[in-house]
Amino acid sequence: MKTPVIAVVGGKKVGKTTTTENLIQELTKRGYKVAALKHISEEDFTLDTPGKDTWRFAQHGAKTIIAIGPNEVATIEKGSTQNLPLQTLLKKAKSNDIILIEGFKKAVAKKTSISKIVVVKTQDEAANALQKYQPIL
């Protein structure tokens, strides 16, 4: 069976993160393994911490860095993400029961295979969302 994917989309500062957090909490409480994909649009964003070992490995040319601690494993893949297909990211999360996506609005807008929760604050935002995301009514 294919892993269900639900995207939480909407404008800035409308509550997408809070909605995603609440979904994760409730689904986890019900026993589901949840994956969360987050699109970050800040140009200089990095998970890595300048000066730390993993950052230093990348500075010396490593393209993939895997760090493991007592309670987590992190994989950092260095390189351009401009042409990285959403499908590639979804494959990384397929071992979960459900995948939640926050953001990626351009990548998911016309994909009918991805269900969407549109978070809005005003009626105008709701009307625009109906045009942008073409819900199945």
Check your understanding: List, please: which pairs have Cβ atoms under 8 Å, are six or more places apart or on different chains, and start with a residue in region 111-127 that is in contact (Cβ under 8 Å) with a residue 12 or more places away in the chain and end with one that is open to solvent by less than 70 Å² (accessible area, probe 1.4 Å) and among the polar types (S, T, N, Q)?
Key -> ILE117/THR19; VAL119/THR19
Revision key, fill the gap. Being open to solvent by 70 Å² or more (accessible area, probe 1.4 Å), modelled with pLDDT of 95 or more, over 20 Å from VAL9 (Cα atoms) and not β-branched (Val, Ile, Thr) narrows PRO70, PRO50 down to just PRO70
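Would you tally the residues in region 103-137 being of a type in the set (A, V, I, L, M, F, W, C), part of a helix (DSSP H, G or I) and more than 30 Å from ALA74 (Cα to Cα)?
Counting residues in region 103-137 that are of a type in the set (A, V, I, L, M, F, W, C), part of a helix (DSSP H, G or I) and more than 30 Å from ALA74 (Cα to Cα) gives 4.
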Exercise for review: Would you confirm whether any residue within region 14-31 is without any contact (Cβ under 8 Å) to a residue 40 or more places away in the chain, out of contact with any Gly (no Cβ under 6 Å at 6 or more places or on another chain) and within 20 Å of LYS106 (Cβ to Cβ)?
Suggested key: no
Exercise for review: Find all pairs meeting these conditions: Cβ atoms under 6 angstrom apart; at least six residues apart or on different chains; first residue within region 71-96 and closer than 14 Å to LEU47 by Cβ; second residue among the hydrophobic types (A, V, I, L, M, F, W, C).
Suggested key: ALA74/ALA67; THR75/ILE66; ILE76/ILE65; LYS78/ALA58
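Yes/no per residue for (1) open to solvent by 100 Å² or more (accessible area, probe 1.4 Å); (2) at pLDDT 95 or above:
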position: ALA62; (1), (2): no, yes
position: LYS78; (1), (2): no, no
position: GLN82; (1), (2): yes, no
position: SER95; (1), (2): no, no
position: LYS106; (1), (2): yes, no
position: SER115; (1), (2): no, no
position: THR122; (1), (2): no, no
Revision key, fill the gap. Screening LEU90, LEU100 for residues that are crowded, with 16+ Cβ neighbours inside 10 Å, part of a helix (DSSP H, G or I) and within 12 Å of the chain's Cα centre (by Cα) leaves only LEU90
Check your understanding: THR3: open to solvent by less than 70 Å² (accessible area, probe 1.4 Å) and either over 27 Å from TYR133 (Cα atoms) or in contact with a Phe, Trp or Tyr (Cβ under 7 Å, 6 or more places away or on another chain) (or both), yes or no?
Key -> no
Point to revise | region 126-137, residues that are open to solvent by 70 Å² or more (accessible area, probe 1.4 Å) and over 20 Å from the mean Cα position of the chain (by Cα) | key: ASN128, LEU130, GLN131, GLN134, ILE136, LEU137
Practice item. Collect the residues in region 22-47 that are closer than 21 Å to LYS92 by Cβ, at pLDDT 95 or above, surrounded by fewer than 16 Cβ atoms within 10 Å (Cβ to Cβ) and not basic (Lys, Arg), keeping them in residue-number order. Key: THR28, TYR32
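The values are calculated or read from the model by the stated rules, or taken from the named source; none is laboratory data. Just so we're clear, the structure is a prediction, and the values are computed from it rather than from any experiment. Here the Cβ is made from the backbone with ideal geometry for all residues, glycine too, and neighbour counts use every protein chain on show. We work out accessible area using only protein heavy atoms, side chains counted, and drop any ligands, DNA or RNA first. Shrake-Rupley method; radii C 1.70, N 1.55, O 1.52, S 1.80 Å.
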